[in-house]
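The values are calculated or read from the model by the stated rules, or taken from the named source; none is laboratory data. Owing to the predicted nature of the structure, the values given are computational and were not obtained by experimental measurement. Positions of Cβ are backbone-derived with ideal geometry, glycine not excepted, and every protein chain shown enters the neighbour counts. The protein model used for the area step is the full one, side chains on, heavy atoms only, and it has no ligands, DNA or RNA in it. Shrake-Rupley method; radii C 1.70, N 1.55, O 1.52, S 1.80 Å.
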Amino acid sequence: QVQLAESGGGLVQAGGSLRLSCTAPGSISAILFMGWYRQAPGKQRESVATISKKGFTNYGDSVKGRFTISRDNAKNTLYLQMNSLKPEDTAVYYCAAPGIGSWGQGTQVTVSS
């Protein structure tokens, strides 16, 4: 397992932007698959975006065209750029490397209307 720590959450108005970061104390370059997940109150956790070691990405239908996932292996950091935020994007966002059972503690994103 790898310790993951998210940052960058907060309160933003609808239409605004936030960038989430996820850092690890060691190298993430060997991790095949990482992603961002979110869970809103009363709802199941859902996949927001994922990225492979080679940089192949996949997005949930609700965020396509608005969110961008990227990884900087040299900085041991995973990012999620979130643009055109909507109130329905409000949730706790988790960084994860699910294949090795690593999850961060989560960061709250709240979008006001």
If Gly15 satisfies every condition in (1) out of contact with any Lys or Arg (no Cβ under 6 Å at 6 or more places or on another chain); (2) more than 15 Å from Ala91 (Cα to Cα); (3) loosely packed, with under 12 Cβ neighbours inside 10 Å; (4) modelled with pLDDT under 95 but one, which is the exception? (4)
Starting from residues that are touching a Gly at 6+ places or on another chain (Cβ under 9 Å) and surrounded by fewer than 19 Cβ atoms within 10 Å (Cβ to Cβ), keep the ones in segment 60-77 and report whichever is nearest to Tyr37 (Cα to Cα). Ser70
Could you please find all residues in segment 39-58 being closer than 14 Å to Tyr93 by Cβ and either touching a Leu at 6+ places or on another chain (Cβ under 8 Å) or open to solvent by less than 50 Å² (accessible area, probe 1.4 Å) (or both)? Ala40, Val48, Ala49, Thr50
Subset of segment 19-38 that is among the aliphatic types (A, V, I, L, M) and open to solvent by less than 30 Å² (accessible area, probe 1.4 Å) - its residue that is nearest to Gly104 (Cα to Cα): Ala24
Restricting to segment 78-110, name every residue that is within 15 Å of Leu20 (Cα to Cα), open to solvent by 10 Å² or more (accessible area, probe 1.4 Å) and either of a type in the set (Val, Ile, Thr) or free of Cβ contacts under 8 Å to residues at least 60 places away in the same chain (or both). Thr90, Val92, Thr107, Thr110
